[in-house]
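The values are calculated or read from the model by the stated rules, or taken from the named source; none is laboratory data. Computed from a predicted structure; not experimentally measured. Neighbour counts run over all protein chains shown; Cβ positions are idealised from the backbone, glycine included.
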Amino acid sequence: MKHYLKLAKLSFSLFIFELLGGIFSGSMALVSDALHVLLDGMENIVSAIVSRLSLKGYDEKIVRDFGGKISALLLLFASSGIVYEGFERILTPHEVEWYMVLVAIIGLAVNLWQKSLHNEALEEHRNQTHFWQNRHLISDISASAAVVIGGLVMFFAEGLYWIDGVLSVGIGVMIVFFTIAKLLGFDIHKHDYEHTCGSKSCR
């Protein structure tokens, strides 16, 4: 439980940092990346609650499904708005301040740190949930890296602010995909988990 709470604190801190950075710099890509990080934070909170309640005899699957779907529903509305705003930014690009690159680099560094902490989890935590979160952290790192690259391109090639809109749409669509899969109860990583971890080594 402490492991999940530690990761949740990091995720929520990074979410606030990137959200504010995105608002002040005018970057929708940073705002969308912040929402992607928020998805991780919510997953870790749900995992911590499940870990706690399962010790008291509650059905782990029911608690996880309920908590996961509530958080997914909230993020679905937010990410849909991001996609819409992203398309608006493509059609009518807005200037993005240079320091969005600095915020994005810090965000990438924190995501890499979270991945390192996640890999240090005790054997008892290395279950299907751990594997799913590991894959999601990889997608976080990929999204943050894309924002950094896009920010650098905008910084050195003045006027290409439509890139910010493209990045926000791409990340927003990825969040929509994750959240709809969660709402439908479809584990998009279950197949990979079964082949990679087997029935014993990751449980």
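Within region 1-56, count every residue that is among the acidic types (Asp, Glu) and over 11 Å from the mean Cα position of the chain (by Cα). Walk me through how you get there before you give the answer.
Going residue by residue through region 1-56, those that are among the acidic types (Asp, Glu) are 18, 33, 40, 43.
Filter again for over 11 Å from the mean Cα position of the chain (by Cα), leaving 18.
Final tally of qualifying residues: 1.
Which one is farthest from Phe87 (Cα to Cα), of the residues in region 143-164 that are surrounded by 15 or more Cβ atoms within 10 Å (Cβ to Cβ) and not hydrophobic (A, V, I, L, M, F, W, C)?
Of everything passing the filter in region 143-164, Ser144 is farthest from Phe87 (Cα to Cα).
Among the residues of region 116-174 satisfying the criterion of being within 23 Å of Val103 (Cα to Cα) and of a type in the set (Asp, Glu), which is modelled with the highest pLDDT?
Going through the qualifying residues, I end up with Asp164.
Scan region 143-166 residue by residue and report those that are over 11 Å from Met28 (Cα atoms) and acidic (Asp, Glu). First the steps, then the outcome.
Quick first cut of region 143-166, residues over 11 Å from Met28 (Cα atoms) only: 143-146, 148-160.
Scanning region 143-166 gives a single hit, Glu158.
May I ask you to list the residues in region 1-31 that are of a type in the set (Val, Ile, Thr) and surrounded by fewer than 24 Cβ atoms within 10 Å (Cβ to Cβ)?
Of all residues in region 1-31, those of a type in the set (Val, Ile, Thr) come to 16, 23, 31.
The answer is Ile16, Ile23.
Take the residues of region 76-102 that are part of a helix (DSSP H, G or I) and among the β-branched types (Val, Ile, Thr): which is surrounded by the fewest Cβ atoms within 10 Å (Cβ to Cβ)?
Our first condition is that a residue be part of a helix (DSSP H, G or I); within region 76-102, this holds for 76-91, 100-102.
Right, trim to among the β-branched types (Val, Ile, Thr) and you get 82-83, 90, 101.
Values: Ile82: 25, Val83: 19, Ile90: 17, Val101: 23.
Applying the filter and picking the extreme gives Ile90.
Taking the residues in region 53-92 that are touching a Phe, Trp or Tyr at 6+ places or on another chain (Cβ under 9 Å) and more than 28 Å from Leu160 (Cα to Cα) as candidates, determine which candidate is modelled with the highest pLDDT.
It comes out as Leu75.
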